[in-house]
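The values are calculated or read from the model by the stated rules, or taken from the named source; none is laboratory data. As the structure is a prediction and not an experimental result, all values here were calculated from the model. FYI the Cβ positions are ideal-geometry reconstructions off the backbone, even for glycines, and counts take in every protein chain you see. To get the accessible areas, we keep the full protein, side chains included, count just its heavy atoms, and leave off ligands, DNA and RNA. Shrake-Rupley method; radii C 1.70, N 1.55, O 1.52, S 1.80 Å.
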Amino acid sequence: MESFSFQCSRSTEKFTNFTAFFAFLFFCTLFTSSEAYDALDPNGNITIKWDVIQWTADGYVATVTMFNFQQYRHIQAPGWTLGWTWAKKEVIWSMVGSQTTEQGDCSKFKANLPHCCKKTPTVVDLLPGTPYNLQFNNCCRGGVLNSWAQDPATAVSAFQVSVGQAGTTNKTVKVPKNFTLQAPGPGYTCGPAKIVKPTQFTTTDKRRTTQALMTWNVTCTYSQFLAKKTPTCCVSLSSFYNETIVPCPTCACGCQNNITQPGSCVEANNPYLASAVSGGTSKTGNVAPLVQCTNHMCPVRIHWHVKVNYKDYWRVKVTITNFNYRMNYTQWNLVMQHPNFDNLTQAFSFNYKGLTPYDGLNDTGMLWGEKFYNDLLMQAGPLGNAQSELLFQKDKSTFTFEKGWAFPRRVYFNGDNCVMPPPDAYPWLPNASSRPVSSFLQAVVAILAALAFLLAH
């Protein structure tokens, strides 16, 4: 995408026609803004499956199951919110394992009021501790879904719904339309419901198989561009062979500060203000980050430090720092892309799983905290960090410290692509003749040389 964006910007110089220029600019925007396809998780999606398991006098009873097939992107508190539009005049008589946020206008019903009469119901998961008679399999986790690679058992959520004023056969039932998924904010786009082969169920003793009366699937995919316009994390770099610490790019996650926008960030030396705003993860809604005042203004920073060089191995220290005073990151994960992940020997205090999005390509690793030790990344403050060390075995044919090879190519935190420093800012080897000159500095030197030439002549 980055190379295409560069070509788009260069090609605009060739246009002289005003209308053609804006048409081309719109064309470029279509390609550079969309990030729904994730190269590191090409098959990742959330699939919502409806299984009609029983016909009733005026409708049906269905089991709705949500599968998070994304390898490393999970849904954290306050959890998922599912919505749709009924095709006819359906109502929800009752639900088990979830509830709608509004009942709607049920005034035409004289007795036995439905659970929801809205044309566009909004459904949320029940909270932990829900009474047993209201629970359903894989429900009641507050809408929190783990990623498929971390824990498939908790990457599933389900509920049961009894629908009235609907068809009573698979020829008269109309599937809902316009599905929406908030998880917990925007970012997911859901396709239309598609009727598929009925799901088969096997009993616990594996001696009998039953099947749904009717099944349809809905697939939802994620786009970081739709979720938020500004990044949420950045990467800094350092190494044992150079004293330079490459910080996160300035304004990587925005340029707001307390001078231009009072109250937009918290000064690190103001412990009273920090304690006043700290409150952890919100249970009622998606709270906007309140971050510590930094040059990058990101809620999370990832630091990669090349620590030691052995004869047959090399060692890296990875530190995750939380600058957000309003968020405890539960079930966090980190995805890093580096060609030496195919020879990772040990991750010392993080869980590790290699991701192979394409056959024969093992350059991506997923890291997450150990349960009850560092799986909770605390809010900004003294405890707001987690760290581990990675030991890599060298491949003598490819290993080098030159040209930034020892640093990651991509870094994701909780599924969001983090902002990397520019390549010409990476720490360089001490025996290098000189540090590579940045493109900006090269342009300045060229302009000064031109001015000197003009003055001399």
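Go over the candidates Cys248, Cys234, Cys255 one by one and state the one that is within 26 Å of Met420 (Cα to Cα), modelled with pLDDT of 90 or more and assigned to a loop (DSSP other than H, G, I, E, B).
Working: Cys234 fails: assigned to a loop (DSSP other than H, G, I, E, B); Cys255 fails: modelled with pLDDT of 90 or more.
Step by step, each of Cys248, Cys234, Cys255 is checked, and only Cys248 is within 26 Å of Met420 (Cα to Cα), modelled with pLDDT of 90 or more and assigned to a loop (DSSP other than H, G, I, E, B).
Quick check on Ser94: is it among the hydroxyl-bearing types (Ser, Thr, Tyr) and in contact with a Lys or Arg (Cβ under 9 Å, 6 or more places away or on another chain)?
no
Does at least one position in the range 176-184 carry a residue that is more than 14 Å from Leu82 (Cβ to Cβ) and modelled with pLDDT of 95 or more? Reasoning before the result, please.
So the first thing to find is which residues in the range 176-184 are more than 14 Å from Leu82 (Cβ to Cβ), and the list is none.
For the range 176-184, residues more than 14 Å from Leu82 (Cβ to Cβ) and modelled with pLDDT of 95 or more: absent.
Enumerate the pairs (first residue in the range 117-145 and in contact (Cβ under 8 Å) with a residue 40 or more places away in the chain; second residue anywhere and part of a loop (DSSP other than H, G, I, E, B) and hydroxyl-bearing (Ser, Thr, Tyr)) with beta-carbon separation below 9 Å, excluding pairs fewer than 6 apart on the same chain, so at least 6 apart or on different chains.
Partner pairs satisfying both residue conditions: Thr122/Thr101; Val123/Thr101; Val124/Thr101; Cys139/Thr130; Cys140/Thr130.
Please go through (1) out of contact with any strand residue (DSSP E or B) (no Cβ under 7 Å at 6 or more places or on another chain); (2) within 20 Å of Asn414 (Cα to Cα) for Ser388 and return the number of the only condition it doesn't satisfy.
Going through (1) out of contact with any strand residue (DSSP E or B) (no Cβ under 7 Å at 6 or more places or on another chain); (2) within 20 Å of Asn414 (Cα to Cα) one by one, Ser388 breaks only (1).
If you scan the range 234-245, which residues turn out to be over 24 Å from Gly415 (Cβ atoms), hydrophobic (A, V, I, L, M, F, W, C) and surrounded by 14 or more Cβ atoms within 10 Å (Cβ to Cβ)?
Phe240
Out of Ala456, Ala386, report the one residue that is crowded, with 18+ Cβ neighbours inside 10 Å and either within 27 Å of the chain's Cα centre (by Cα) or modelled with pLDDT under 75 (or both). Working first, answer last.
Values: Ala456 fails: crowded, with 18+ Cβ neighbours inside 10 Å.
The conditions single out Ala386.
Within the range 328-342, restricting attention to residues that are farther than 20 Å from Gln70 by Cβ and open to solvent by less than 50 Å² (accessible area, probe 1.4 Å), which residue is farthest from the chain's Cα centre (by Cα)? Write out each step before concluding.
From the range 328-342, those farther than 20 Å from Gln70 by Cβ are 328, 338-340, 342; that's our starting set.
Now narrow it down to the ones that are open to solvent by less than 50 Å² (accessible area, probe 1.4 Å): 328, 338, 340.
Numbers: Asn328: 16, His338: 20, Asn340: 24 Å.
My answer is Asn340.
Do the conditions hold for Thr202, that is, is it at pLDDT below 95, open to solvent by 70 Å² or more (accessible area, probe 1.4 Å) and over 13 Å from Trp50 (Cα atoms)? Quick ask: steps written out before the conclusion?
On the way: at pLDDT below 95: yes; open to solvent by 70 Å² or more (accessible area, probe 1.4 Å): yes; over 13 Å from Trp50 (Cα atoms): yes.
Yes; evaluated as a whole, the condition is true for this residue.
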